[in-house]
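The structure appears below as structure tokens.
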Amino acid sequence: MSVGHTAVTTPVPDGPVIVCETPQDECGVRDVLDRLGDKWSVYVVVELASGVRRFKELQRAIPGNISQRMLTLTVRRLERDGLVARTVYPTVPPQVEYELTEMGHSLTHLVKTLADWSIAHRPAIAASREAWDAAATEPEPEPTRI
């Protein structure tokens, strides 16, 4: 939300989607959206929703060839936010497993809803993009002089 906005302006049946006490606090929404809006976090949440994964299992399961460093950063951030739990077993080499916390599991229904919406609206979005791109490539009309 931009500064000065304290609610989503689209009317919804139950009232505004977000209402903050002050525009400056943003209700913490920015932090959550930054975390879940990054390229890899949703993939990690989706994969861990089906169970405990070791690091390499998680890395192989995520589409897009996530690097070891990026996966490490992503799971650390999700762990810091309380969405992922990390368990280290005292073996040589150490075995590390990741799983969603209770709070992380509570997020999975929202991710599924977003995925379902995306699938349902994919054709309409593609058509809209094509129409916009076609209109955007047309030359601008010359201004008329009076």
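The values are calculated or read from the model by the stated rules, or taken from the named source; none is laboratory data. Quick caveat: nothing in here was measured; it's all calculated off a predicted structure. Note: ideal-geometry Cβ built from the backbone for every residue, glycine included; neighbour counts use all protein chains shown. Remember, those area values only see protein heavy atoms, side chains included, never the ligands or the DNA or RNA. Shrake-Rupley method; radii C 1.70, N 1.55, O 1.52, S 1.80 Å.
Residues 85, 126: which one is over 15 Å from the mean Cα position of the chain (by Cα) and closer than 13 Å to residue 44 by Cβ?
Of 85, 126, the one residue that is over 15 Å from the mean Cα position of the chain (by Cα) and closer than 13 Å to residue 44 by Cβ is 85.
Out of segment 74-132, which residues are on the phi > 0 side of the Ramachandran plot and open to solvent by 70 Å² or more (accessible area, probe 1.4 Å)?
none
In segment 39-73, what residues are exposed (fewer than 15 other Cβ atoms within 10 Å of the Cβ) and under 11 Å from the mean Cα position of the chain (by Cα)?
Matches in segment 39-73: 39 only.
Counting only residues that are touching a strand residue (DSSP E or B) at 6+ places or on another chain (Cβ under 8 Å), give me the helices (runs of 4 or more DSSP H) lying completely in segment 19-118 with at least 2 of them.
Answer list for segment 19-118: 41-48, 55-61, 68-80.
Could you please find all residues in segment 83-99 being over 22 Å from residue 62 (Cβ atoms) and of a type in the set (S, T, N, Q)?
Listed by number, the list holds a single entry, 91.
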